[in-house]
Every structure is written in structure tokens, then in C-alpha cells.
Amino acid sequence: MTDSIQTPETADVPQEHLRSIRSFVLRQGHMTAAQQRAIDTLWPQFGVDYQAQVVDLNECFGRSNPKVLEIGFGMGTATVEIAKRLPDSDFLAIDVHGPGVGNILKLIGEEQVGNIRVMRHDAVEVVENMLADGALSGIHIFFPDPWHKKRHNKRRLVQTPFVAKLLPKLKTGGYIHLATDWEEYAVQMLEVLSGFENLQNTAADYAPTPSYRPETKFEARGKRLGHGVWDLVFEKIG
Ligand SMILES: C[S@@+](CC[C@H](N)C(=O)[O-])C[C@H]1O[C@@H](n2cnc3c(N)ncnc32)[C@H](O)[C@@H]1O
């Protein structure tokens, strides 16, 4: 607890509620020449720089179609496939990992996909500062880092305080789609989402994988390790 400030007013508040979750570790990772080239050439067209004020997503995409936020796209292969399957939606794809950002831009260029914009920033801050209430029709969080060691569980993205920040950004009738290959995190996700009165589960518990979601890179890795897969799709009802 050395990295947060204690004042008399905050001394009784659990520390995890005083600062945002840090749900990622900045891995170095190797950026290939092609990924770097994609950043150099395509960022001006498809990249969105972080700013601490609300942006007009319709302006970013040049049209007013439904907007879907994806947090943690990894290498972006599934994101690009989904954007191709759902050409009438626009995807704001966020990750912190440089080679992944290069890779998704490379795929966008190769496959001529026009309905994705990319951000390289902590999505928690983007949600807190850049998105207007009701701006989103959908939210995708696929295979977020499971932080499976007990002492690391607190770094998981899908927790009540973060979902409480996310939900106002979603329109009524919008959806939140989560997936994980870690059973105990799936249980947590179900508990967290079920705790919101304005969210309705579209299934009895876990949902069949919607046809727009292809297998992701992290999911394939999980399956090779013998893990199961759990999708959750909830609709915002109020
Ligand atoms: C386990 S990977 C899954 C990647 C991809 N969705 C897949 O299924 O292959 C989780 C990703 O989330 C990203 N991530 C974690 N926390 C994040 C945050 N707060 N903001 C943006 N990206 C984040 C990580 O950098 C990583 O690329």
C-alpha cells in the first residue's frame, strides 16, 4: 500500500477503491518491422490519441452507426474478423501492447477494414474520461487477463467498481459480451454482471458463443491447455 496516498478522509476506505485497477503489465514484446511500418503509415488514419476529455465517436468514424468498445484486443485478429462480419457497426479497439497495436493496424491495412479505430492506452482511463454516457451499443471484453493467483485477483478488469463505470457509457438496449477460459473468473463475471439491476442476462447463465465472435488467439491457447470457454452476454435494460 505504499503507492497510494492516505489522508484522514481516506484512511477508512479500502485502498482498492481509491485508485483504478491496473489490469495489465506492460510487456516489452518484439515489434516486427511490418508492425512498426503499419503504425507509421496507418496511425494517422485509424489511431485515436488519448485525451482527458470526451470525444465524439461519430466524428472519429465519420458516421453515426452503432459503436462497440473492445477492451484488450491482443493481436487484433478476432477484432478484424468481427468488424468484417458486422460492417454496419464501428469498433473502438483498445490495448496497451505495442506489437498488438502494430499488428491490428497491419491487418486493417491488408484487409481494407474501415470500421475500426485503435487506441493504445489504459482502457480504464479511456472509459473514465473519453466516452460520453450512452455512446456505446456494445462492449466486448474477450479473455481478459485472468490474474489467476489469489493475491492477483484484485487486478482483474471485470469487477463491480469498473463495470459500474462502464455501464453508463452503454445505451439502453446495448449489450456487454465477456468471454473467458478461466472457470473461476467466469463465475466472478456472472456474479458481477448479475449484481446490476439494469443488466439482464440473455441466457440462463453462460451464453452460447455469438456467431460474430471467432476464436481468439488467447482462446486457442487456452483450449490447447485443456481449458473450457465461457461467454456471457447481458443486455442493458434501463
Ligand atoms: C489475455 S489478453 C487477450 C487478448 C485477446 N482478447 C485474445 O483473446 O486473444 C488480454 C489483453 O488485454 C490487454 N489489457 C489488459 N488490461 C488492459 C487495459 N486496462 N487497457 C487496455 N488493454 C488492456 C492486455 O494488454 C492484453 O493484450
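The values are calculated or read from the model by the stated rules, or taken from the named source; none is laboratory data. Note that the structure is predicted; figures quoted are calculated from it, not measured. Note: ideal-geometry Cβ built from the backbone for every residue, glycine included; neighbour counts use all protein chains shown.
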Of these, 138, 173, 195, which one is at positive phi and either under 13 Å from the mean Cα position of the chain (by Cα) or more than 15 Å from the ligand (Cβ to nearest atom) (or both)?
173
On the basis of being over 20 Å from the mean Cα position of the chain (by Cα), among the charged types (D, E, K, R) and modelled with pLDDT under 95, does residue 59 make the cut?
no
Checked against (1) assigned to a helix (DSSP H, G or I); (2) more than 12 Å from the ligand (Cβ to nearest atom); (3) under 16 Å from the mean Cα position of the chain (by Cα); (4) surrounded by 19 or more Cβ atoms within 10 Å (Cβ to Cβ), residue 108 satisfies every condition except (3)
When segment 25-73 is checked residue by residue, the ones that are of a type in the set (A, V, I, L, M), more than 30 Å from residue 233 (Cβ to Cβ) and assigned to a loop (DSSP other than H, G, I, E, B) are 26, 31, 52
Which of the following residues is at pLDDT 95 or above and within 15 Å of residue 108 (Cβ to Cβ): 38, 52?
38
Can you pull out every residue in segment 20-39 that is more than 15 Å from the ligand (Cβ to nearest atom) and either surrounded by 11 or more Cβ atoms within 10 Å (Cβ to Cβ) or within 21 Å of the chain's Cα centre (by Cα) (or both)?
32, 34, 36, 37, 38, 39
